[in-house]
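The values are calculated or read from the model by the stated rules, or taken from the named source; none is laboratory data. Remember, it's a predicted structure, so these values are computed and weren't measured experimentally. Note that each Cβ is placed from the backbone with ideal geometry, even for glycine, and that neighbours are counted across all protein chains shown.
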Amino acid sequence: MVLSSTERKGEARERLLARLLDAFGEALPSPEVSLREIAVRTGTSHALLRYHFGSLSGVLAAMLKEQRARDNEELFRAAEQNTFDDLVVAIWRTYTRPEQLSRVRGFFHVVGLAAYSPDDFREFIDSLDDLTMVLASLAEREQVSAEDARTMATVAVAAIRGLLLQEVLTPGTHSEDAVASILRMSKGRS
C-alpha cells in the first residue's frame, strides 16, 4: 500500500506528538521554553516541531488536546457507571491534583491564545465541549430534559473552569465545598 504525502505527514505528526507526550508525561512545557529546548528534550529538531505544529503554541495546543482526550477517556468510562454528580466530582478531582497544575496553566494559556486567533486553534476549540456533552447525557439519563441537561452541564463545566482559573491565579483559595456549590448552581438550586 502506498501512502499519500498527507497520510505520511499525519503519521509523522502523530509519532512526534507521542514523543512529546512521552517526554513530558502528564505535564505541559511552560510557554517560556523555546521550541529548541523542547526539541532537545524530545530528541528531535525544532524545525520538525515547527513544520508539524507551526509554533510553540501549536505544540502546546496539540499536547493539551491529546492529554485532555486521554483524561476524558478515563472520565467517560467512569461515567458509564455513575451519575452526573459523580462525574462532576471526578472532573474536579482529576484537574485539581498537584501534578495537573502545569496542564491547567497551559489550558488557560492556550485558551487565551485561541480567543485572539480561533482559526489557528480550531481543533483545540472543537474539543472543548467533550465533557459538557457527556455530562449532559448523564443528566438526560437521570430524566432531565435535553435542554435542561445541556444547561446543567454547561454551568458545571464553566464553574469548574472558573474555579480552576482562580486556583491558578491565587492558589489555595478554592473552598472545600466548591464541588457542592458547582452541583447546586448547575441544577439551579441556591
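Could you please let me know if A61 is surrounded by fewer than 18 Cβ atoms within 10 Å (Cβ to Cβ) and of a type in the set (A, V, I, L, M)?
Spelling it out, it is not the case that A61 is surrounded by fewer than 18 Cβ atoms within 10 Å (Cβ to Cβ) and of a type in the set (A, V, I, L, M).
Does any residue of region 54-61 turn out to be touching a Phe, Trp or Tyr at 6+ places or on another chain (Cβ under 7 Å), small (G, A, S) and at negative phi?
The first filter runs over region 54-61 and keeps only residues touching a Phe, Trp or Tyr at 6+ places or on another chain (Cβ under 7 Å), leaving 59, 61.
Within this subset, residues satisfying the condition of being small (G, A, S) are 61.
If we keep only those that are at negative phi as well, we get 61.
Scanning region 54-61, I find at least one residue that is touching a Phe, Trp or Tyr at 6+ places or on another chain (Cβ under 7 Å), small (G, A, S) and at negative phi, so the answer is yes.
Output the residues belonging to region 40-58 that are part of a helix (DSSP H, G or I), surrounded by fewer than 19 Cβ atoms within 10 Å (Cβ to Cβ) and not hydroxyl-bearing (S, T, Y).
V40, R41, H46, A47, L48, R50, listed by residue number.
I'd like the residue in region 114-142 that is in a helix (DSSP H, G or I) and acidic (D, E) and, out of all such residues, is surrounded by the fewest Cβ atoms within 10 Å (Cβ to Cβ). Steps first, answer last, please.
Of region 114-142, the ones in a helix (DSSP H, G or I) are 114-116, 118-126, 130-141.
Still in the list and also acidic (D, E): 119-120, 123, 126, 130, 140.
On the way: D119: 7, D120: 16, E123: 11, D126: 10, D130: 17, E140: 18.
Filtering first and then ranking leaves D119.
Quickly run through region 41-95 and pick out the residues that are over 20 Å from V179 (Cα atoms), out of contact with any Asp or Glu (no Cβ under 9 Å at 6 or more places or on another chain) and in contact (Cβ under 8 Å) with a residue 40 or more places away in the chain.
Matches in region 41-95: H52, F53, L60, M63, L64, E66.
Just checking, which of V89, V111 is surrounded by fewer than 18 Cβ atoms within 10 Å (Cβ to Cβ), modelled with pLDDT of 90 or more, of a type outside the set (D, E) and under 24 Å from L169 (Cβ atoms)?
Every option except V111 fails the conditions.
Determine if region 93-101 includes at least one residue that is touching a Gly at 6+ places or on another chain (Cβ under 9 Å), modelled with pLDDT under 90, on the phi < 0 side of the Ramachandran plot and among the acidic types (D, E).
yes
Testing R150 on (1) more than 18 Å from L64 (Cα to Cα); (2) in contact with a Pro (Cβ under 8 Å, 6 or more places away or on another chain); (3) not aromatic (F, W, Y), one condition comes back false. Which one is that?
R150 satisfies every listed condition except (2).
Would you confirm, using the coordinates I've provided, whether F108 is touching a residue at least 60 places away in the same chain (Cβ under 8 Å), within 21 Å of R184 (Cβ to Cβ) and among the hydrophobic types (A, V, I, L, M, F, W, C)?
For F108, the condition - touching a residue at least 60 places away in the same chain (Cβ under 8 Å), within 21 Å of R184 (Cβ to Cβ) and among the hydrophobic types (A, V, I, L, M, F, W, C) - is not met.
Working only within region 146-161, note down all residues that are closer than 17 Å to L87 by Cα, surrounded by fewer than 18 Cβ atoms within 10 Å (Cβ to Cβ) and either at pLDDT below 90 or among the small types (G, A, S) (or both).
Once the filter is applied, which keeps residues that are closer than 17 Å to L87 by Cα, surrounded by fewer than 18 Cβ atoms within 10 Å (Cβ to Cβ) and either at pLDDT below 90 or among the small types (G, A, S) (or both), region 146-161 yields only A158.
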